[in-house]
Amino acid sequence: MTAGGAAPPIISARGLTITFGHGADAVQAVRGIDFAVPAGSCFGIVGESGSGKSTILRALSGLNREWTGEVTIDGHDRSHIGRRAFYRLLQMVFQDPYGSLHPKRTIDSTLAEPLLIHGIGDRAERIEKALREVGLDSSFRFRYPHQISGGQRQRVAIARALILEPKILLLDEPTSSLDVSVQAEILNLLDALRRARDLTYVLVTHNLAVVSQMCDQLIVMNRGRIVEEMAVDALMAGRTSHPYTTQLLQASRGYDRQAARELKTFD
Amino acid sequence: MADTQPLLEVEDLSVRYPGHKGWVEAVRGVSFTLGREKLGIVGESGSGKSTTGRAIMGLIRPPGEVTARRLVFDGRDLNAMSERQKRSLRGDQLTMVMQDPKFSLNPVMRVGEQIAEAFRIHHAAARGAARRRAIEMLEAVRIRDPERVYRAYPHELSGGMGQRAMIAMMLVSNPRLMIADEPTSALDVTVQMQVLGILDDLVSERGMGLIFISHDLNLVASFCDRILIMYAGRVVEICRAARLHEARHPYTRGLLDALPRVEARQERLPTLTRDPAWLTGATIVDEGAEA
């Protein structure tokens with residue numbers, strides 16, 4: 001494995017189970033999975049809708065508290081990390097930057113909020129610096145989300161996530177709602193930021209090409225379970241071992257009349 | 001009508017909307033012809049690809065304005081038709097499938113009844129006959145339990161099933177042309193392939209024409225016969241789908257280069273530098289793609 005060996009895991013999960021609903025209506029979205037994310041790596045989680053990939057991120061980020069299992073982040077038991085310390089360690093970027101930015105707040109006010117919550121001073125300088133780092137000049141500071149493009153909004157969302165200088169970023173389909181030319185810019189930006197700041201990324205996506213471009217290793221999810229764990233080199237070379245992954249890889253190459261007829265459902 | 005006649009002829013189609021500072025030109029002089037084939041229209045958001053599809057359907061409402069030197073569907077001049085005549089064509093001979101079935105289906109009406117209704121609006125059919133026809137269509141889009149889906153409400157169906165039901169509704173009158181606007185973008189890749197398989201069979205078995213609007217270059221290259229690439233309301237390049245990767249327009253090349261690839265990582269993904277010349281330059285036509 002590319003990232004195996006040396007780097008100790010910054011996130012590790014054992015028996016992570018996430019259930020929605022109760023009694024007869026209970027649905028297990030994630031069914032007792034184990035994984036470890038090496039510090040400083042980009043870890044991909046791939047799967048189709050309903051596979052549980054975003055649910056894992058929501059549990060890791062604290063958006064969903066209904067989970068069981070052991071999760072360790074940066075050497076501490078997840079449940080023992082205080083709220084403030086936790087959000088200075090880990091932040092999240094969502095798929096739709098329009099939905100994740102407050103429409104009636106300026107970029108300045110959006111970026112100032114985490115600083116206010118955490119009692120951090122030098123706000124103006126920090127905001128200017130955060131914008132610069134995501135490639136936006138200070139003229140953006142006092143604009144509203146509707147006055148900037150989708151790609152610029154995603155840059156603001158990344159700036160907000162990084163302004164507390166976390167070690168870990170959770171990225172939930174960060175470029176899926178962007179045009180390909182803008183996607184390229186955001187992927188380049190995320191890659192450069194990770195190198196410059198030695199960040200760890202957990203990247204959830206349905207796009208295998210994005211995984212190849214960004215990640216060191218990945219897990220493939222289907223119906224709440226990990227069906228395959230692989231290094232990105234294996235993905236690039238098409239060395240898949242589970243038929244589900246093979247089918248996903250085949251489908252990602254485009255339409256094929258014969259292949260479309262032979263698609264299987266995996267339980 | 002001879003079968004050699006094109007199914008659709010579009011010449012100099014333009015669509016504009018009034019904006020704060022004068023007219024906004026959404027589509028600027030688009031021309032193409034369509035046979036019984038799969039024609040892809042590719043472009044980024046704001047390129048005018050969806051507006052082109054909606055203009056052909058006659059779905060642009062005032063204050064939007066549509067002009068075209070020629071707009072001929074199956075030998076009939078759409079420009080000369082009354083709104084009433086066009087309405088009888090829409091949903092019958094000329095149909096459109098949108099991206100998200102959640103917003104296209106009536107949430108408080110059973111799926112099958114919606115399909116049967118779509119048929120009865122255009123054809124004098126008894127209730128029972130329309131019902132049988134709707135079930136047949138659900139079978140045609142490979143729904144395993146058509147009776148159950150007939151009785152279901154839209155919220156009881158998955159995205160893939162909902163989209164199949166939409167396609168079934170659009171097929172019920174045996175249309176000659178279907179315009180599909182990102183019909184599979186909201187679907188998982190395996191479901192996407194199944195839906196494309198259905199559309200593919202419909203074109204080859206029924207001789208239907210298909211305009212497939214998408215932002216996904218690789219998907220269009222693998223699925224369609226020919227591709228129009230749109231930028232800022234204009235067609236900048238026309239090519240055979242199999243030859244998309246030999247495209248010559250710098251915009252098309254830029255889009256292709258910006259795509260990450262499963263097989264290899266690039267140090268940095270090339271990004272697009274937009275050239276003002278793209279707004280006015282000539283359309284590049286790949287040999288054999290003009291027909």
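The values are calculated or read from the model by the stated rules, or taken from the named source; none is laboratory data. In this text, all values refer to a predicted model and were calculated from it rather than measured experimentally. Here the Cβ is made from the backbone with ideal geometry for all residues, glycine too, and neighbour counts use every protein chain on show. Accessible surface is based on the protein model in full, side chains and every heavy atom, while ligands, DNA and RNA are left aside. Shrake-Rupley method; radii C 1.70, N 1.55, O 1.52, S 1.80 Å.
Just a few scattered comments:
- Test for B:Leu199: is it within 14 Å of another protein chain (Cβ to nearest Cβ), part of a helix (DSSP H, G or I), open to solvent by less than 10 Å² (accessible area, probe 1.4 Å) and under 23 Å from B:Gln114 (Cα atoms): yes
- Against the conditions (1) touching a residue at least 60 places away in the same chain (Cβ under 8 Å); (2) buried (at least 19 other Cβ atoms within 10 Å of the Cβ), B:Val149 satisfies every one except (1).
- Search result, residues across segment B:50-69 that are open to solvent by 20 Å² or more (accessible area, probe 1.4 Å), farther than 11 Å from B:Arg16 by Cβ and part of a helix (DSSP H, G or I): B:Ser50, B:Arg54
- Odd one out for A:Ile11 among (1) modelled with pLDDT of 95 or more; (2) loosely packed, with under 15 Cβ neighbours inside 10 Å: (2)
- Subset of segment A:212-246 that is open to solvent by 20 Å² or more (accessible area, probe 1.4 Å) and in a helix (DSSP H, G or I) - its residue that is nearest to the other protein chains (Cβ to nearest Cβ): A:Met236
- For segment B:259-281, the candidate set comprises residues that are in contact with a strand residue (DSSP E or B) (Cβ under 9 Å, 6 or more places away or on another chain) and either open to solvent by less than 100 Å² (accessible area, probe 1.4 Å) or hydroxyl-bearing (Ser, Thr, Tyr) (or both); within that set, the residue that is farthest from the other protein chains (Cβ to nearest Cβ) is B:Thr280.
- Taking the numbered list (1) assigned to a loop (DSSP other than H, G, I, E, B); (2) under 30 Å from A:Ala192 (Cα atoms); (3) not polar (S, T, N, Q) in turn, B:Arg248 passes all entries but (2).
- Tally of residues being more than 23 Å from B:Arg28 (Cα to Cα) and touching a residue at least 60 places away in the same chain (Cβ under 8 Å) across segment B:50-93: 5
- When we screen A:Val46, A:Val30 for residues that are within 14 Å of chain B (Cβ to nearest Cβ), open to solvent by less than 20 Å² (accessible area, probe 1.4 Å) and touching a residue at least 24 places away in the same chain (Cβ under 8 Å), the only hit is A:Val46.
- Within segment B:230-245, considering residues that are in a helix (DSSP H, G or I), farther than 30 Å from A:Leu190 by Cα and among the aliphatic types (A, V, I, L, M), the one least open to solvent (accessible area, probe 1.4 Å): B:Ala241
- The listed residue being open to solvent by 40 Å² or more (accessible area, probe 1.4 Å) and in a strand (DSSP E or B), out of B:Val24, B:Val72: B:Val24
- The residues listed here are A:Asp198, A:Asp172; of these, the one that is under 25 Å from A:Gly119 (Cα atoms), more than 12 Å from chain B (Cβ to nearest Cβ) and among the acidic types (Asp, Glu) is A:Asp198.
- Every condition in (1) farther than 18 Å from A:Ser49 by Cβ; (2) more than 8 Å from chain B (Cβ to nearest Cβ) holds for A:Ala259 except the one numbered (2).
- Among the conditions (1) of a type outside the set (Ser, Thr, Tyr); (2) under 30 Å from A:Thr240 (Cα atoms); (3) more than 9 Å from chain A (Cβ to nearest Cβ), B:Pro250 misses just one, which is (2).
- Condition met for B:Ser104 (among the small types (Gly, Ala, Ser) and under 16 Å from the mean Cα position of the chain (by Cα)): yes
- Only helices (runs of 4 or more DSSP H) whose full extent lies in segment A:85-181 are considered here, and the ones with at least 1 residues that are of a type in the set (Lys, Arg) and open to solvent by 20 Å² or more (accessible area, probe 1.4 Å) are A:123-133, A:150-162.
- Of all residues in segment B:27-49, those that are part of a loop (DSSP other than H, G, I, E, B) and either in contact with a Pro (Cβ under 7 Å, 6 or more places away or on another chain) or of a type outside the set (Gly, Ala, Ser) (or both) total 4.
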